[in-house]
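Just below is one structure, and these are the notes that go with it.
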Amino acid sequence: MTTRTVITRSRRSDLVGESGFTFTQEMIPALTDGWQGPAHVRDFRRQAWQAYQKLPMPKTSDEAWRRTDLRRLKAGGLSLSALSGPQRLPAAPKRLLKPLVDQSHGGQLVIQPRNTSLYLAPDLAERGVIFTDLRRAEIQFSDKLARIMGQVVKPEEGKFASLAAAFARDGVFIYVPAGVQVEAPLHSVFWGPGESLAYFSHIMVWLEEGASLTYVHEAASPTITGAQTLHAGNVELHIGEGAHLKFVELQSWGKHVWNFSHERARVERDGSLDWIFGALGSHLTKNFSELELVGDGATGRMSGFYFTDGDQHLDHDTQQNHFAQHTTSDLLFKGALKDTSRSVWQGMIYVAPGAQKTDGYQANRNLVLSSKARADSIPGLEILADDVRCTHGATVGKIDPEPIFYLLSRGIPYQQAERLIVEGFFDPIMQRIEFDGVRARFQQAILEKMG
């Protein structure tokens, strides 16, 4: 195919508007006179800064943001975490550092405001695997970083995408050479404590032809009542021909955090991606997640788990793009809602002209546990080929009183009966997750949310 034009919901407004943020160009090290790093990093930051200046803050009149209102974000009161001064910030708890998908790590990276710790198994380093933080990658692995930085997620894609691209000094860079199978998983933790701070992150993963990797990333912080903190991040994934990536992404931000992310995975011929999302925290999340199947035979699976309570607001915007023939995508997002919380899921399957033999599936299921909770579910199809199979579905419902009555009649207390039904509701997602530790985290979240 010679063209790859994707028709999506609009994610940009006219290039006017005022952000309210107080960040300046002088806060970006790569754009200062003393910068001694690679030229391509400087050019990338400059491009991102220029996009940030032009793009307006999203408004509810924008289609992609119609159900997510940012007017209560106190943007002018935020300062960069790197410039936060003497604020005492707690270290990441040990529970976040435990393995989730195996008995041990092949490598672990812990990013905190005051320090970064890194471990990579010597045998992986000898085989050419790179697993490091963004600052080291810019200096030590500049040539490989240039292949992916800003190539999968463009800074111009949104206000927060440009903000993260311009200011992110923290992040993860992973490179796996052709044919290398990384058996032990890699694990990274981004820890963002404190209040009135702005955190920015950039995650980049590049798998060469025939490589394989399991990678777990978690972004987390404690909750500070009455405060606000911002996180904006970009995630860029490249899965080469015949390569296989299992990516587990957990979001357990404190309930004072406003969280924004632009994420995209590009899968080449006969490559595969198993992408698992877990959204447990934050006050507000707006997440754009896209799967691009660009080579014949590419496959991708996206599995999402979320459980909201209080006044949480989670908005997930997913896109499954089929650009080549014989490609397969499979998306299932399931969520439960309590109190006055709200979830939004907008999904689109796009099939390009000539992308025959496409098989695309998407489903979103929601269980509403409170009369004041709300779930919006909006699936969509854009099909420009004539030999495809694409299906979608969405449901929003309450607990059926009949199974509750049945369990009560067997002597099971009401709260336990309700919890059993919620666990059963999430079982299809649990069945898609092969990692015991990840399932245990989700099951623990259910217990905590159910009280």
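The values are calculated or read from the model by the stated rules, or taken from the named source; none is laboratory data. In this text the structure is predicted, and so the values were computed from the model without any measurement. Here the Cβ is made from the backbone with ideal geometry for all residues, glycine too, and neighbour counts use every protein chain on show. Note: areas computed on protein heavy atoms with side chains; ligands, DNA, RNA excluded. Shrake-Rupley method; radii C 1.70, N 1.55, O 1.52, S 1.80 Å.
Quick one: would you say S377 is free of Cβ contacts under 8 Å to residues at least 12 places away in the same chain, farther than 30 Å from W191 by Cα and surrounded by fewer than 24 Cβ atoms within 10 Å (Cβ to Cβ)? For S377, the condition - free of Cβ contacts under 8 Å to residues at least 12 places away in the same chain, farther than 30 Å from W191 by Cα and surrounded by fewer than 24 Cβ atoms within 10 Å (Cβ to Cβ) - is not met. The condition of being touching a residue at least 60 places away in the same chain (Cβ under 8 Å), crowded, with 24+ Cβ neighbours inside 10 Å and not in a loop (DSSP other than H, G, I, E, B) holds for G233.
For the stretch 155-183, the set of residues classified as open to solvent by 20 Å² or more (accessible area, probe 1.4 Å) and in contact with a Pro (Cβ under 8 Å, 6 or more places away or on another chain) consists of R169 only. Using beta carbons and a limit of 7 Å, which pairs, at least six apart or on different chains, have the first residue in the stretch 176-195 and touching a residue at least 12 places away in the same chain (Cβ under 8 Å) and the second one part of a loop (DSSP other than H, G, I, E, B) and of a type in the set (D, E)? Pairs found: V176/E208; P177/E208; A178/E208; A178/E209; A184/D102; P185/D102. Answer yes if at least one residue in the stretch 29-46 is basic (K, R), in contact (Cβ under 8 Å) with a residue 24 or more places away in the chain and over 21 Å from S201 (Cα atoms), and no otherwise. Scanning the stretch 29-46, I find no residue that is basic (K, R), in contact (Cβ under 8 Å) with a residue 24 or more places away in the chain and over 21 Å from S201 (Cα atoms), so the answer is no. Take the conditions (1) part of a strand (DSSP E or B); (2) among the β-branched types (V, I, T); (3) open to solvent by 10 Å² or more (accessible area, probe 1.4 Å); T340 misses just one of them, which is (1). Checking each residue in the stretch 184-199 for being open to solvent by 10 Å² or more (accessible area, probe 1.4 Å) and in a strand (DSSP E or B) picks out only W191. Of the residues examined, L78 is one that is open to solvent by less than 50 Å² (accessible area, probe 1.4 Å), aliphatic (A, V, I, L, M), within 30 Å of T60 (Cα to Cα) and at pLDDT below 95. All of (1) buried (at least 21 other Cβ atoms within 10 Å of the Cβ); (2) not in a helix (DSSP H, G or I) hold for V110 with one exception: (1). Of all the numbered requirements in (1) in contact with a Gly (Cβ under 6 Å, 6 or more places away or on another chain); (2) assigned to a strand (DSSP E or B), A219 misses one, and that requirement is (1). When Q47 is tested against (1) open to solvent by less than 20 Å² (accessible area, probe 1.4 Å); (2) under 15 Å from T24 (Cα atoms), exactly one condition is not met: (1).
Looking only at the stretch 351-406, residues that are among the acidic types (D, E), assigned to a strand (DSSP E or B) and over 23 Å from R432 (Cα atoms) come to 2 in all.
For the stretch 396-441, filtering for residues that are exposed (fewer than 15 other Cβ atoms within 10 Å of the Cβ), under 28 Å from R301 (Cα atoms) and among the acidic types (D, E) leaves 3. Applying the condition of being of a type in the set (A, V, I, L, M) and part of a loop (DSSP other than H, G, I, E, B) to the stretch 119-154 and asking which residue is most open to solvent (accessible area, probe 1.4 Å) yields A146. Scanning the stretch 1-57 for residues that are modelled with pLDDT of 95 or more and among the aromatic types (F, W, Y) gives F44, W49, Y52.
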